[in-house]
């Protein structure tokens, strides 16, 4: 007769429960608590439940603050990007204005003193040659 794997597992389970629950003189005796111990356990459970409720409320408040700071961070990054765009446009405007200044600024040959000196020299040369 062949035994199945299931039968082996049942035998192993029953053997383990007998070995784990047995002591030298038999089974582990039931544990009984006094009324004071039960009250202590009850109060400890209550305080832990209160601490859990308190920590849950703290977590909710922290989540709200975290979402607020994330929104604030997004706003700040948008402002920083806006400032960068403004700086870039001011730099471009500065480049354009320096080009305009270079074009408008008189060249060396447009100096009045040079034209006056050349006109005076030509006038002297013309008057001496006649």
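Quick note: the coordinates plus some simple rules give every number you see, no bench work behind them. Small disclaimer: the values here were computed from a predicted structure and weren't measured. With ideal geometry, Cβ positions are generated from the backbone for all residues, glycine too; neighbour counts draw on all protein chains shown.
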For region 57-102, rounded, prolate or oblate, judged on the Cα gyration tensor with a ≥ b ≥ c (square roots of eigenvalues), a/c < 1.5 rounded, else prolate if a/b > b/c? prolate
Rounded to the nearest 0.05, what FRET efficiency is calculated for residue 47 and residue 81 with R0 set to 41 Å and r the Cβ-Cβ distance? 0.25
Applying a 10 Å radius around every beta-carbon, put 37-45, 104-112 in order of their mean neighbour count, most first. 37-45, 104-112
How far apart, in nm, are the 7 Å Cα→Cβ label points at residue 74 and residue 100? 3.9 nm
P(r) of region 70-130 over all Cα-Cα pairs, binned every 10 Å from zero, in whole percent: 18, 19, 16, 13, 12, 9, 7, 4, 2, 0
Mind giving me the nanometre distance, one decimal, between the label points for residue 125 and residue 112, set 7 Å out from Cα along Cα→Cβ? 2.4 nm
